[in-house]
């Protein structure tokens, strides 16, 4: 590794000039023309196999160009949300997105119109076998869609309708400023920074202050955010109705490439574990020595070290642990750091959260986070590098096969997160350090298997009510409180009533119920983690093959092929929960009756 690693990513290597890049605008103009050309070529539907093969090749190239430009524009905006040119670029890209959706709709309709003889002829063409799964999936989906002209109109109207509401939420959310500090010495913080204090500050007075400030700011804008959520849900419900869909989860199941039976089996297994999860929170309450547990006490660490992890140390930890699993993986992590793929600087003006952008033409990725020198951020960095490694494996696959199911997108990232965290737990130098790391593992796990499923249940309940009427902010808050009360069974006295306002996944229009994929991905990753111990030296080859085929199999098919397990039955999900249960039991054993004063 070179002695100094940059905290900023290199975007100029992709398109020099950032949000005002002339080269980027040329690419956008060229891509727009190519999308139009292909769309026109598909309008007189062709059934000639050789011509379709060429068309499929061209469409996949356009898909790669489009994804690279879209993800690049998100990177540009995220590094400086106050950049007006970046906002304009996003709007430009969002407008083009509707044209891409129309191109996909035209292609899907052409595939669906092929009779069985022509379809088999197409499948026999050279190179088509590699993308057959995607083509078959596209043919099936057409049966559940409206007439092509109507779907085209929906895509065009979504830019200033459906997607526009999401964009408004993002804009308003990023503008929220939370005043924190002593009277007369307050300083404005982003809501992400304020939530960080509310959830993780060791001083309960500071947590309480941050929680109150967040509540006050959110309450001032609650009706605006309620309108946005109502309109997004209303649009989605109307679209489902027009398509004749009576299953609220149909789109989410399609996007995750998972059967409803598998999801129900998973939820049943999770419900069985809730008593243990509540026992853990009860122990936290005792350790924190609080009489009235509130929402801002749930995630605060009972044990933590004051140790800071400078960025260079985080780099060393991750590269070392990746290399321990395989030389190839370690070299990949080194490449990501040395090639300046990662934006980690802690500075004002950046967007909240963390993500990994795929750049299929460059065959690279870019990673975004704000690194604050704690171990949680080390884990976040490993998580995002897991996404980047998944991208690396898929970059050599056809563009259709790079379209993986939503839940599988989280599999590699959570795997790498656990890889680094479990190694740290094993090497902990003291019991307090081990407890701190165990607690981090448990908190991350409970987010996926308790908090997120609860938000999934809340969101479903909201959509059921939204079928008949608009809901006020007060009603949305009450619905969330009811869901939280059922989850915690009296353990928590004050609930976080604005989680629905600041969790961005609820407002994502492109992906339905974009919360439960994290639960599916977490538990599926846990199953893969068990495979690592069983296969030993042969694991990486199987792991790479699983990732490579993640775009040409359903979750159930991946489970049968690589884990030899049936995901439609609860037993798989029960087994996947065992590592988290073991961590909780170890934490309970080590803490005994100890209390934190």
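The values are calculated or read from the model by the stated rules, or taken from the named source; none is laboratory data. Quick caveat: nothing in here was measured; it's all calculated off a predicted structure. We place every Cβ from the backbone using ideal geometry, glycine too, and count neighbours over all the protein chains shown.
Some points to look at:
- In segment 110-127, the residues that are touching a residue at least 60 places away in the same chain (Cβ under 8 Å), over 14 Å from residue 140 (Cβ atoms) and assigned to a helix (DSSP H, G or I): 110, 118, 121, 122
- For beta carbons closer than 8 Å, sequence separation of 6+ or different chains, a first residue in segment 237-257 that is at positive phi and a second that is buried (at least 16 other Cβ atoms within 10 Å of the Cβ) and modelled with pLDDT of 95 or more, the qualifying pairs are 257/553; 257/554; 257/555.
- When segment 140-155 is limited to residues that are without any contact (Cβ under 8 Å) to a residue 60 or more places away in the chain and under 27 Å from the mean Cα position of the chain (by Cα), the one that is farthest from residue 107 (Cα to Cα) turns out to be 155.
- In segment 133-149, the qualifying residues are those that are at pLDDT 95 or above and more than 16 Å from residue 55 (Cβ to Cβ), and the one that is surrounded by the fewest Cβ atoms within 10 Å (Cβ to Cβ) is 136.
- Condition met for residue 556 (at pLDDT 95 or above, more than 19 Å from the chain's Cα centre (by Cα) and either part of a helix (DSSP H, G or I) or buried (at least 17 other Cβ atoms within 10 Å of the Cβ) (or both)): yes
Quick grid of which residues meet (1) at pLDDT 95 or above; (2) buried (at least 19 other Cβ atoms within 10 Å of the Cβ); (3) assigned to a helix (DSSP H, G or I):
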residue: 358; (1), (2), (3): yes, yes, no
residue: 373; (1), (2), (3): no, no, no
residue: 392; (1), (2), (3): yes, yes, yes
residue: 421; (1), (2), (3): no, yes, yes
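- Residue in segment 432-445 that is part of a helix (DSSP H, G or I), at pLDDT 95 or above and over 30 Å from residue 313 (Cβ atoms) present: no
- Odd one out for residue 398 among (1) surrounded by fewer than 22 Cβ atoms within 10 Å (Cβ to Cβ); (2) within 18 Å of residue 546 (Cα to Cα); (3) at pLDDT below 95: (3)
- Of residues in segment 320-354 being closer than 15 Å to residue 377 by Cα and at pLDDT 95 or above, the one surrounded by the fewest Cβ atoms within 10 Å (Cβ to Cβ): 345
- Some residue of segment 161-169 being surrounded by fewer than 17 Cβ atoms within 10 Å (Cβ to Cβ), over 23 Å from residue 90 (Cβ atoms) and more than 22 Å from the chain's Cα centre (by Cα): no
- The number of residues in segment 480-509 being crowded, with 18+ Cβ neighbours inside 10 Å, in a helix (DSSP H, G or I) and either out of contact with any helix residue (DSSP H, G or I) (no Cβ under 9 Å at 6 or more places or on another chain) or at pLDDT 95 or above (or both) comes to 10.
- Which listed residue is closer than 16 Å to residue 174 by Cβ, buried (at least 20 other Cβ atoms within 10 Å of the Cβ) and at pLDDT 95 or above, from 59, 69, 76: 76
- The one condition in (1) in contact (Cβ under 8 Å) with a residue 60 or more places away in the chain; (2) in a helix (DSSP H, G or I) that residue 54 fails to fulfil: (1)
- Residue in segment 453-466 that is farthest from residue 223 (Cα to Cα), counting only those that are touching a residue at least 40 places away in the same chain (Cβ under 8 Å) and either buried (at least 20 other Cβ atoms within 10 Å of the Cβ) or in contact with a helix residue (DSSP H, G or I) (Cβ under 6 Å, 6 or more places away or on another chain) (or both): 453
- The sole residue among 265, 320 that is in a helix (DSSP H, G or I) and in contact (Cβ under 8 Å) with a residue 60 or more places away in the chain is 265.
- Being touching a helix residue (DSSP H, G or I) at 6+ places or on another chain (Cβ under 7 Å) and farther than 30 Å from residue 439 by Cα is a description that does not apply to residue 160.
- Residues of segment 298-317 that turn out to be assigned to a helix (DSSP H, G or I) and either in contact (Cβ under 8 Å) with a residue 12 or more places away in the chain or surrounded by 16 or more Cβ atoms within 10 Å (Cβ to Cβ) (or both), as a count: 6
- Residue within segment 283-292 that is closer than 23 Å to residue 520 by Cα, assigned to a helix (DSSP H, G or I), touching a residue at least 24 places away in the same chain (Cβ under 8 Å) and touching a helix residue (DSSP H, G or I) at 6+ places or on another chain (Cβ under 8 Å) present: no
- Members of segment 563-577 found to be farther than 22 Å from residue 254 by Cβ and either part of a helix (DSSP H, G or I) or within 23 Å of the chain's Cα centre (by Cα) (or both), listed by number: 563, 570, 571, 574, 575, 576, 577
- Of all residues in segment 578-597, those being assigned to a helix (DSSP H, G or I) and in contact with a helix residue (DSSP H, G or I) (Cβ under 9 Å, 6 or more places away or on another chain) number 12.
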